[in-house]
Amino acid sequence: MSGVCLILSTMEIIRDLTHFQAETNMAVSIGNFDGVHLGHSAIVNRIVTLAKERGFKSALVTFDPHPMKFFGSGVKLLQPLDLKIRECEKLGVDKFFLLDFNKEMAGINPSVFVREFLLKTLKASFIVVGYDYRFGRNRRGTYEFLQTMGKKHGFTALRVPKVVVDDTTASSTNIRKALEDAKPEVATKLLGRYYSLIGEVVRGDGLATKIGFPTANINVKNELIPANGIYSSIVHIGERQFKGALYIGGRPTVDDAQHKRVEVHIFDLSENLYGSDIEVDVVDFIRGDIKFNSVDELVVQIAEDCKKIKVLFEGR
C-alpha cells in the first residue's frame, strides 16, 4: 500500500493509515459507493451536515479493489476510481480513505474494525451506513451491530433509508441493469446526473471520416459500457461542452461485429483530439445497433440519427 497522501482540491485522499491519526472527531461512513448515486449522496450529505454542525470532519471509507471483485464476482463497476473521487469531492467530503481490500481485510472481525480503525484512528463520533450495508467477516457488521457497539463505546450509529425514484431503488445494481437494457433515462434518475463514459481519444480506421461523420474513438476506462446502439450525448473536452451522437457497438455493416467500439460524432467541432481525455454523458437512447444492406443506407440513417438528436436537444 502506498504511503502517499494526495490532495484533490479540498478533499484529502488517504491510502495508508500507518502514520494517520485523526486530529478532530469525525462523522464517518463506510461503503463501496460505486456510481455515487442518489442513495450514496443521501449518506454523504448526512455525514457532511453532521460534521459541519459540530465542527468535525467528514470521512468516507471505501475499498480497492471492490470487495465483490476480490471475491471473484464479474460485476462491472460503473465508475473508474478518479470519477468516484470527483463525485465525492463535489459533495463536500473532507477525507476519503481508500483502503486495500485483501485477505486480511476480508476476514477482519467487525468489532476490531470499529474499535481499532473507526474509533481509535478516525475518532468517529457518528458512523452512518446505508439501509443494507454490511461489513467485516461473514458480513456480520450490520446497522444493529453498530448500534450495540455505539452504546458500549460512546458513538452514534445512524442508518439512511433507501432512496426510491419512480418505484425503483437507487442502487448500483439497478443502474447497471438500466444501462444494459438501453434505458439511460432510468440511470439518470437514479444517479441524479447523466451516466458518463471517460477515456482517451485514440486513432480509428478513418471510416467514419470517409463517410462524412468523423468520430472520436474512445478507449473507455469505465467497466460498464451501456447496451449497443446510438445515443444522444453531451461531450466534455476540458472546460468546453458539445453535443453529439454516441455510437456503441461492433459496426455490423462494415465489420464482423466482434469488437465493441465506443465513438462519438461531435457536432460543431472539427479538430484533432488524439491523445485527449474526454468525457461523454449518455443522454437518450436513439436506436439499436443495426446491420444495413449497404454503407449508403448506413450514411442515410446516421444523418437521420443526428437530426433526431439535434431536435431532442432543442426541445430541452
In percent, what relative contact order does the range 194-315 have, based on Cα pairs under 8 Å that are 6 or more apart in sequence?
32 percent
3J(HN,Hα) from dihedral phi, the range 226-233, Karplus parametrisation 6.51/-1.76/1.60, rounded to Hz, x for glycine, proline:
x, 4, 4, x, 9, 10, 6, 8
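Given +1 on the Cβ of Lys and Arg, -1 on the Cβ of Asp and Glu, and no further charges, what dipole in debye does the chain carry about its Cα centre, rounded to the nearest 20?
On the way: 42 positive and 39 negative charges, 294 e Å.
Roughly 1420 debye, rounded to the nearest 20.
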How large is the dipole of the range 203-316 about the Cα centre if only Lys and Arg carry +1 and Asp and Glu carry -1, each at its Cβ, rounded to the nearest 20 debye?
100 debye
Give the total of Lys-Lys pairs in the range 194-315 with Cα-Cα distances below 17 Å; include a pair only if its members are 8 or more places apart or on different chains.
5
Mind computing the radius of gyration and Dmax over the alpha-carbon atoms of the range 25-175? Å is fine for both.
14.7, 42
For the chain, report the % of Cα-Cα distances exceeding 30 Å.
41 percent
Tally Lys and Arg at +1 and Asp and Glu at -1 over the other residues with C-beta under 13 Å from the C-beta of THR148: what net charge comes out?
+3
Kindly provide the helix-only [θ] at 222 nm of the chain, computed as the sum of -39,500 (n - 2.57) over DSSP H runs of four or more divided by all residues, to the nearest 500 deg cm²/dmol?
-8000 deg cm²/dmol
Setting aside same-chain residues fewer than 8 positions from LYS152, which lysines have a Cα under 24 Å from its Cα?
LYS57, LYS120, LYS123
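Taken together, the values in this text are just the output of simple stated rules run on the coordinates, not laboratory data. Treat the numbers as computed from the prediction; the structure is a model and nothing was measured. Reconstructed Cβ throughout: ideal geometry from the backbone, glycine too, with neighbour counts over all protein chains shown.
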